[in-house]
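Below is one structure, written out as structure tokens; the observations come after it.
The values are calculated or read from the model by the stated rules, or taken from the named source; none is laboratory data. Small disclaimer: the values here were computed from a predicted structure and weren't measured. FYI the Cβ positions are ideal-geometry reconstructions off the backbone, even for glycines, and counts take in every protein chain you see.
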Amino acid sequence: MSDIATLSLTLQGESTRSAPIDDTQLVAQLGGEVARALSPALERVNTLLTTGRIDKTSLRALRDELEMARRAGIMGQQVARFASGRVKVSNERIDLTGLLREALVQRMRDLDASGLQIRQQFAQAEVMSDATLLFSMIQALLDWALEHALDRIDLSLQVKTWPEHPEFSCAFAHQPADEVVSGPIPLDRASRDSIDTMSWRLVEQIAQSLELRVRREDHRGRARAVIEFPRPAPKRLNGNESANIALMKLTTPDERPLQGRHVLVLSARREIRSLVREAVRPSGVLIDFVATVDGARDFCRGGMPDALVFEAALGGERFDRLRRELLKESPTLAFVQISEQGKTFETLNSAGLQTASVGRDAIISALPAALQFELARCAASAA
């Protein structure tokens with residue numbers, strides 16, 4: 001049996017750990033997934049060429065099939081990158097519970113479109129890991145579940161004892177109940193392979209890079225993936241430290257992680273502009289200023305920045321419309337709000353969109369961390 005075929009292969013609830021990926025088998029699997037997505041797409045294109053017509057349903061299906069092929073290709077590249085072992089991994093305290101909830105908020109549109117239900121039971125847990133890579137792994141796990149689940153996705157975060165460590169699990173049915181063979185007969189080989197797609201390979205490879213333990217349980221048409229975190233965060237000595245700040249203080253081997261980044265600041269007040277300029281000057285950020293929403297739109301037409309920092313007072317319907325326009329053109333564009341009150345850095349969710357918010361009194365101390373966090377998060381969610 002090939003290496004890739006033995007990855008997380010499970011019989012009647014017996015789980016296995018991931019095995020090394022064979023390059024040849026990986027290429028073969030990637031080619032198969034891309035071909036399966038493109039074959040029906042090609043048929044639709046041929047029909048369009050023959051008839052000169054395509055209805056909305058077929059056009060939407062064509063788009064989905066092309067997107068599926070594109071995502072498989074991107075995931076294949078990511079799997080190869082992580083399997084190479086050349087990925088740099090940082091180690092920081094992370095609010096795992098908060099990170100999971102943020103990941104779900106970001107995928108709410110996909111969940112709504114799929115019609116699937118989500119049942120979540122999250123205990124409070126903190127771990128030591130790499131926030132960006134961990135967020136990418138959670139997104140890949142959600143991709144895997146959305147790809148194969150039939151009705152409901154069960155997500156659970158528990159803290160096991162002795163030794164104390166968090167465990168995150170994702171479970172769903174991938175076969176209709178009336179198609180599942182009854183009795184102690186092992187699952188069909190093709191049935192197991194059908195859910196070992198690139199999204200699952202990516203979960204395994206990122207977990208391996210993060211030194212997390214992964215096991216899969218496939219039983220009677222139902223799959224359950226469990227990720228163990230062997231390094232829980234040490235107990236806090238000072239209970240006043242915020243879990244959100246722990247998540248947001250990303251570490252990096254680069255001493256100037258924002259070096260060369262382009263930030264557009266939407267602010268009409270000189271004092272806010274001065275504070276922002278002073279906050280980001282040591283980080284090597286390229287910065288421009290505009291005073292109005294229309295000015296920001298005109299500026300972005302000439303060239304898209306990496307991040308947009310804006311005063312909360314200039315938000316509202318017109319700004320929300322601009323944000324939607326910019327995100328269509330640049331999905332990785334990061335947004336950081338400057339709020340009038342507050343001395344902290346927090347994340348806000350509105351209409352399914354996440355925004356980092358920095359209080360005016362915290363601009364000097366927190367804005368660089370907020371920019372770094374949002375840029376890393378947006379890049380990970382778009383990967």
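Would you mind stating whether ALA369 is of a type in the set (A, V, I, L, M, F, W, C), free of Cβ contacts under 8 Å to residues at least 24 places away in the same chain and not in a loop (DSSP other than H, G, I, E, B)?
Numbers: of a type in the set (A, V, I, L, M, F, W, C): yes; free of Cβ contacts under 8 Å to residues at least 24 places away in the same chain: no; not in a loop (DSSP other than H, G, I, E, B): yes.
Taking the combined requirement at face value, the residue does not satisfy it.
Do we find a residue being part of a strand (DSSP E or B) and over 18 Å from the mean Cα position of the chain (by Cα) anywhere in the stretch 142-151?
Here is the first cut: in the stretch 142-151, the ones part of a strand (DSSP E or B) are none.
No, the stretch 142-151 contains no residue that is part of a strand (DSSP E or B) and over 18 Å from the mean Cα position of the chain (by Cα).
Of the numbered conditions (1) over 16 Å from HIS262 (Cβ atoms); (2) crowded, with 18+ Cβ neighbours inside 10 Å, LYS328 fails exactly one; give the number of that condition.
(2)
From LEU111, LEU96, which residue is in contact with a helix residue (DSSP H, G or I) (Cβ under 9 Å, 6 or more places away or on another chain), among the hydrophobic types (A, V, I, L, M, F, W, C), more than 23 Å from HIS174 (Cβ to Cβ) and in the same structural domain as TRP200 (by TED's automatic domain parsing)? Lay out the reasoning, then the answer.
On the way: LEU111 fails: more than 23 Å from HIS174 (Cβ to Cβ).
Step by step, each of LEU111, LEU96 is checked, and only LEU96 is in contact with a helix residue (DSSP H, G or I) (Cβ under 9 Å, 6 or more places away or on another chain), among the hydrophobic types (A, V, I, L, M, F, W, C), more than 23 Å from HIS174 (Cβ to Cβ) and in the same structural domain as TRP200 (by TED's automatic domain parsing).
Scan the stretch 75-94 and tell me whether some residue there is under 23 Å from GLU167 (Cα atoms), buried (at least 16 other Cβ atoms within 10 Å of the Cβ), modelled with pLDDT under 90 and under 14 Å from the mean Cα position of the chain (by Cα).
No, there is no match, as no residue in the stretch 75-94 is under 23 Å from GLU167 (Cα atoms), buried (at least 16 other Cβ atoms within 10 Å of the Cβ), modelled with pLDDT under 90 and under 14 Å from the mean Cα position of the chain (by Cα).
Hey, among PHE319, PHE310, which residue is farther than 23 Å from ALA131 by Cβ and assigned to a strand (DSSP E or B)?
On the way: PHE319 fails: assigned to a strand (DSSP E or B).
Within the list PHE319, PHE310, the selection yields PHE310.
Identify the residue in the stretch 289-325 that is among the β-branched types (Val, Ile, Thr) and crowded, with 17+ Cβ neighbours inside 10 Å and, among all such residues, is nearest to ILE364 (Cα to Cα). Reasoning before the result, please.
In the first step, residues of the stretch 289-325 are kept if they are among the β-branched types (Val, Ile, Thr); the result is 290, 292-293, 309.
If we keep only those that are crowded, with 17+ Cβ neighbours inside 10 Å too, we end up with 290, 293, 309.
On the way: VAL290: 20, VAL293: 24, VAL309: 14 Å.
That would be VAL309.
Within the stretch 139-157, can you find the residues that are among the small types (Gly, Ala, Ser) and under 18 Å from GLU204 (Cα atoms)?
Let us first name the residues in the stretch 139-157 that are among the small types (Gly, Ala, Ser), namely 140, 145, 149, 156.
If the condition is that a residue be among the small types (Gly, Ala, Ser) and under 18 Å from GLU204 (Cα atoms), then ALA140, ALA145 are the ones that fit.
Can you find a residue that is crowded, with 20+ Cβ neighbours inside 10 Å, of a type in the set (A, V, I, L, M, F, W, C) and out of contact with any Leu (no Cβ under 6 Å at 6 or more places or on another chain) anywhere in the stretch 108-129?
To start, the set of residues in the stretch 108-129 that are crowded, with 20+ Cβ neighbours inside 10 Å comprises 125-127, 129.
From what is left, the residues that are of a type in the set (A, V, I, L, M, F, W, C) are 125, 127.
Of the ones still in play, those that are also out of contact with any Leu (no Cβ under 6 Å at 6 or more places or on another chain) are none.
No, the stretch 108-129 has no match at all.
Can you find even one residue in the stretch 182-194 that is modelled with pLDDT of 75 or more and not basic (Lys, Arg)?
Going residue by residue through the stretch 182-194, those that are modelled with pLDDT of 75 or more are 194.
In the following step, the residues that additionally are not basic (Lys, Arg) were identified as 194.
Among the residues of the stretch 182-194, at least one is modelled with pLDDT of 75 or more and not basic (Lys, Arg), which makes the answer yes.
For the stretch 30-115, give me every one of the helices (runs of 4 or more DSSP H) that falls completely inside it and has 3 or more residues that are farther than 30 Å from ALA207 by Cβ and of a type outside the set (Asp, Glu). Don't jump to the end; show me each part of the working.
Numbers: elements: 56-83, 96-106, 108-114.
Of the helices (runs of 4 or more DSSP H) lying wholly inside the stretch 30-115, those with at least 3 residues that are farther than 30 Å from ALA207 by Cβ and of a type outside the set (Asp, Glu) span 56-83.
Out of ARG261, ARG273, report the one residue that is in contact with a Phe, Trp or Tyr (Cβ under 6 Å, 6 or more places away or on another chain) and surrounded by 14 or more Cβ atoms within 10 Å (Cβ to Cβ). Full working, then the answer.
Values: ARG261 fails: in contact with a Phe, Trp or Tyr (Cβ under 6 Å, 6 or more places away or on another chain).
So the residue among ARG261, ARG273 that is in contact with a Phe, Trp or Tyr (Cβ under 6 Å, 6 or more places away or on another chain) and surrounded by 14 or more Cβ atoms within 10 Å (Cβ to Cβ) is ARG273.
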